[in-house]
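The structure under discussion appears below in the form of structure tokens.
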Ligand SMILES: Nc1ncnc2c1ncn2[C@@H]1O[C@H](COP(=O)(O)OP(=O)(O)OP(=O)(O)O)[C@@H](O)[C@H]1O
Ligand SMILES: [Mg+2]
């Protein structure tokens, strides 16, 4: 510790150069933290969507829909715990430009399939009792300024009612917390039974059956068995795990993993040269000073450590600042919206980042440190 | 009087390209404790080379170097570093202070290698800075000091760890006449009042006057004894 002042002074020998090198390292690690964090974020979101759920949709196209008659047959497959359904309702609030993605469902079953949605039992009960009831996510309620007991008209351009009107009147009977599943999760549910009764057409259409299963290891077998049930019928099915579905939906983001790693790799590689160059230059410039330290009795190993510590200090400090900044970015609303409120910078990214900074320091610091170690006092003092 | 430094038939050669060049051709020398030795000689005669051998910065090709009853010509690099820290104070022509450190931090550097506490180090640094008359410049960086002041900081650094021997390579070589005199007075005082043994290489006859003994080195050979002052 008593050598700290020596190391510190050495580090700040060329102030501007050190500041710029530090800034580059900070920016690089900010980038590293962001990309790896986002990467991890997607992994978390997709793995929260666990494989104890299966999705059954029409083999031809999801929008073609499946008959409600499939429900009981799917339930009969061994290993199936509960089956709920989604029928896409669409909808808008007051004007068509203000969409309100809504789904008709069997709420009791839905919340038993999605075990991690938090809802008060009395809300679920109210939903069962109120034909025109709707449940919506707390996030949506907050965003719209709606609360339980509110009465809201929802317009639709698809599902006209039997009475000819295209405005459905709903009563908000409860809210639920869906943050565990990220922001993309459907947030507005009406009763399927009511929808079926009141809609002028399209009775018995289901876009997705959501199947809760007992044992994730059985996902493959159950999927195949469900699809086999309806093979060669008018309404053939395609059964997928939720992760597979989510991964497919995320595909438009490209191979995030690969891109993140490629960028980070390129940046760190460049950084390596930059830092190594800074360190090497700084050691070259003070050949005489290092020779003086050795003259005064600093052993070769000690001089090596001094230089190496400088590199460590530079890289670890700047790296940590970069990672801290990127962690802060994950607390911003923009990213919260993607990954849910629970998500913050994963520890593994910080640890990985610290490891990278350490590696950077060693790789860029060792050559100049070794050079300092090998320095011959007599030659260096004579300027040879 | 006992010899604090003995060189016995010391030879030193360097490899220049493929050729071996002998710079010191078998030097014999004894330096007594509390002596102030002035070493003069033409450029290239081997003065710095000899000083480096005495100070344990370099090793002879053959011969013996004994300082304070210890053979140092066969010590390893690491052992020599330790030994220098405990026994030698260095003063150079161009001061060789660390430019990023304040005067007091520069003076403290040799003490970092001891196991003195922070407070003890502080105290010693203040004492020697006072001794060289620079207590009021403790917080200044070298580039804020004159050449003479920098050399005094260097002297403070050389004596702070209380070494057996001070070696000076042209300590006034870069100074104007007045600063040179101040520095020489300081070295002489250290020699006379504190009994420091000093070996000084110099080109400056005025500086050499301050020494208690003068030796001449010519083409790698000592021309024994010019003058001895009481
Ligand atoms: N490491 C080395 N490699 C090759 N030659 C060297 C080396 N060190 C010293 N010499 C040579 O040895 C001779 C004596 O050098 P030295 O530095 O001891 O002279 P000096 O008496 O101190 O001269 P000056 O008064 O100019 O400082 C010179 O010719 C020098 O070139
Ligand atoms: Mg010389």
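Each value in this text was obtained by applying a stated rule to the coordinates, not by laboratory testing. Model, not experiment: these values are computed from the prediction. Quick reminder, even Gly has a Cβ in these numbers, built from the backbone with ideal geometry, and neighbours come from all protein chains shown.
Mind giving me the nanometre distance, one decimal, between the label points for residue A:20 and residue B:18, set 7 Å out from Cα along Cα→Cβ?
The two pseudo-label positions are separated by 4.6 nm.
Once both labels are modelled 7 Å past Cα along the beta-carbon direction, what's the residue A:376-residue B:209 spacing in nm?
Simple spin-label model gives 4.0 nm for this pair.
On a C-alpha basis, how far is the centre of the range A:156-213 from the centre of the range A:342-370 in Å? Whole number, if you could?
When both Cα centres are located, 50 Å separates them.
Can you give me the C-alpha center-to-center distance between the range B:69-88 and the range B:97-112, rounded to a whole angstrom?
With the range B:69-88 and the range B:97-112 each reduced to a Cα centre, they are spaced 22 Å.
Looking only at B:81, B:33, B:138, which one moves most when chain B is put into a Gaussian network model with springs between Cα atoms under 10 Å?
Among B:81, B:33, B:138, the largest mean-square fluctuation in the Gaussian network model of chain B belongs to B:81.
Over chain B, with a Gaussian network built from C-alpha contacts below 10 Å, which listed residue (B:27, B:100, B:199) shows the highest mean-square fluctuation?
Looking only at B:27, B:100, B:199, the biggest GNM fluctuation is shown by B:100.
Please say if the range B:111-200 is rounded, prolate or oblate, where rounded means a/c under 1.5 for a ≥ b ≥ c the square roots of the C-alpha gyration tensor eigenvalues, and otherwise the choice is prolate for a/b larger than b/c and oblate otherwise?
Oblate, since a/c reaches 1.5 and b/c is not below a/b.
What's the angle, to the nearest 10 degrees (0 to 90), between helix B:147-159's Cα axis and the longest principal axis of chain B?
80 degrees
How much length is gained if the chain between residue B:185 and residue B:119 is pulled fully straight, taking 0.36 nm per residue apart and subtracting their Cα-Cα distance, in nm to one decimal?
20.7 nm
Based on Cα positions only, what radius of gyration and what Dmax would you give for the range A:10-115, in angstroms?
25.1, 79
I'd like the distance separating the alpha-carbon centroids of the range A:224-238 and the range B:122-176, in whole Å.
So the two Cα centres are separated by 93 Å.
Taking square-rooted eigenvalues a ≥ b ≥ c of the alpha carbon gyration tensor, is the range A:53-214 rounded, prolate or oblate, where a/c under 1.5 means rounded and, failing that, a/b exceeding b/c means prolate?
In terms of gyration-tensor shape, oblate.
For the protein assembly as shown, what is the percent of antiparallel DSSP beta bridges, rounded to the nearest 5?
70 percent
Please give the helix B:77-87 orientation as an angle from the longest Cα principal axis of chain B, in degrees from 0 to 90, rounded to the nearest 10.
On a 0 to 90 degree scale, this one is about 60.
Residue A:342 versus residue B:146, label points 7 Å from Cα toward the beta carbon: distance in nm?
7.4 nm
Relative to 2.2 N^0.38 Å, what does the C-alpha radius of gyration of the protein assembly as shown come to as a ratio? Two decimals please.
1.64
Please report A:70, A:151, B:140 as a ranked list, fewest other C-beta atoms within 10 angstrom at the top and most at the bottom.
Listing A:70, A:151, B:140 from fewest to most nearby Cβ atoms yields A:151, B:140, A:70.
Which residues in the range A:196-214 place their backbone N less than 11 Å from a point set 7 Å from the Cα of residue A:60 along the Cα-to-Cβ direction?
The answer is none, because no backbone nitrogen lies closer than 11 Å to the label point.
With a 10 Å cut-off between alpha carbons and a GNM built on chain B, which of B:20, B:172, B:114 moves the most?
B:20
May I ask for the angle, rounded to the nearest 10°, between helix A:15-48 and the longest principal axis of chain A, with both axes built from Cα atoms and the value confined to 0 to 90°?
Long axis of A:15-48 versus the principal axis of chain A: about 30 degrees.
Just the Kirkwood number for chain B, please: inverse of mean 1/r across all distinct Cα pairs, in Å, one decimal.
Radius from the Kirkwood sum: 18.1 Å.
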